[in-house]
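Colleague: One structure follows; several queries about it will come next.
The values are calculated or read from the model by the stated rules, or taken from the named source; none is laboratory data. Small disclaimer: the values here were computed from a predicted structure and weren't measured. Positions of Cβ are backbone-derived with ideal geometry, glycine not excepted, and every protein chain shown enters the neighbour counts.
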Amino acid sequence: MSTLFIADLHLSTQEPAITAGFLRFLQREAIHADALYILGDLFEAWIGDDDPAPLHQEIATALQALHQAGVPCYFIHGNRDFLLGERFAKQSGLTLLPEQQVIELYGRRLLIMHGDTLCTDDQAYQEFRRKVHHTWIQKLFLALPLRWRLKIAAKMRAHSRQTNQQKSVAIMDVNPQAVEQAISHNKVQWLIHGHTHRPAVHSLVLGSGQANRVVLGAWHTEGSMVKVTPEAVELITSPF
Ligand code: LP5
Ligand code: MN
C-alpha cells in the first residue's frame with residue numbers, strides 16, 4: 001500500500017530526458033500505487049488546453065493509461081500551469097483539486113499544496129499571483145491567439161528568471177509563520193509541497209505540537225517523490 005506525490009517536473013520539449021523519466025515513473029512506480037498526486041508545475045508553462053503541442057498529447061495518453069489501470073491521479077495547480085483546465089484533465093483522467101487539500105491516508109492527516117502560497121515574503125510574486133488568478137484576466141488571456149499567448153508566457157518566464165536572480169534565497173523560501181498557520185488551521189501533522197526546489201523533511205515544533213514539512217525536489221537530473229505508506233512518509237530520489 002502506497003500513495004505517491006510529485007511536483008515540479010517542468011516538462012517541456014526542450015527536456016526530453018525528464019519526459020522519458022516521467023513516463024518510466026508512471027509505468028514502473030505509479031502503476032503499483034493506490035494513487036498519484038501531482039502537486040503543480042508538471043509543465044514548464046501552460047498557456048491553455050487548446051495548445052496542440054505533441055508533448056501534451058503524449059502526457060495525456062500516459063496519464064489516461066494510469067487512470068485506466070485503476071490508479072486515481074490528482075492534480076493541484078502550480079505557478080507555471082495554473083491554467084491547466086478541465087479539458088486536459090478529462091483527456092488525462094486527472095482530478096483537479098483546489099490549491100490546498102487535506103487528505104487522510106493510512107491513519108495520517110496530510111495537507112498538500114504546490115507551495116507558492118507559503119512564500120509570503122515574496123511580495124512581488126504574491127502581487128503577480130493575485131493578478132493572474134483573476135478569472136477575468138485568465139479569460140482575456142485564453143481568448144488571445146495561441147502565438148500571442150506563447151509570446152507573453154515567454155516574456156513572463158524571462159522576466160521571472162531575471163527577477164529571481166535579484167531576490168534573496170530567504171525571500172524565495174516559505175515563510176515560517178505561513179507554514180505554522182497552514183498546519184495549525186488544518187489540524188494536520190504533515191505538510192507536503194513543492195515549488196521551492198529545496199527537497200527536505202523538516203521536523204517542526206509548533207505551538208500546536210510536533211509536525212513535519214516535506215518538500216519535494218524538482219526533476220532536473222533525477223526524479224523526486226514522496227511515498228506515503230501505512231508505516232512511513234519518505235522523500236525518495238530516483239534516477240531517470
Ligand atoms: O517560475 P519561477 O520558478 O521562475 O519563479 C516563480 C515566480 N514566477 C512566476 C512566473 C512564472 O514563471 C511565469 C509562468 C508563465 C506561465 C504561463 C503563462 C500564463 C499567463 C496567464 C495570464 C493570465 O510564477 C517568481 C517567484 C519564484 O517562483 C519563487 O517563489 O519569485 O515570481 C516572479 O518572478 C514574479 C515577479 O517577481 C513579479 C512579476 C511582475 C509582472 C511581470 C509581467 C511581465 C510579463 C509581461 C508580459 C506582457
Ligand atoms: Mn512552482
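Colleague: Report the residue count in region 100-135 for those that are within 17 Å of Val214 (Cα to Cα) and within 16 Å of ligand 2 (Cβ to nearest atom).
Modeller: Residues flagged as within 17 Å of Val214 (Cα to Cα) and within 16 Å of ligand 2 (Cβ to nearest atom) within region 100-135 amount to 9.
Colleague: Could you tell me how many of the residues in region 222-240 are at pLDDT 95 or above and either of a type in the set (Val, Ile, Thr) or in contact with an Asp or Glu (Cβ under 9 Å, 6 or more places away or on another chain) (or both)?
Modeller: Count: 10.
Colleague: For Leu206, all conditions in the list (1) over 21 Å from Leu110 (Cα atoms); (2) modelled with pLDDT under 95; (3) not hydroxyl-bearing (Ser, Thr, Tyr) hold save one; what is the number of the exception?
Modeller: Failing condition for Leu206: (1).
Colleague: In addition: Determine if region 108-123 includes at least one residue that is farther than 27 Å from Lys187 by Cα and either within 9 Å of ligand 1 (Cβ to nearest atom) or outside any helix (DSSP H, G or I) (or both). So that I can check it myself, show each step before the final result.
Modeller: Going through region 108-123, the residues farther than 27 Å from Lys187 by Cα turn out to be none.
The answer is no; no qualifying residue exists.
Colleague: Of Arg129, Arg108, Arg161, which residue is loosely packed, with under 13 Cβ neighbours inside 10 Å, of a type in the set (Lys, Arg), modelled with pLDDT of 95 or more and over 22 Å from Ala60 (Cβ atoms)?
Modeller: Only one candidate qualifies: Arg161.
Colleague: If you don't mind, there's one more thing I want to ask. Which condition from (1) at pLDDT 95 or above; (2) away from ligand 2 (no atom under 16 Å from the Cβ) is the one that Thr196 breaks?
Modeller: With respect to (1) at pLDDT 95 or above; (2) away from ligand 2 (no atom under 16 Å from the Cβ), Thr196 is out only on (2).
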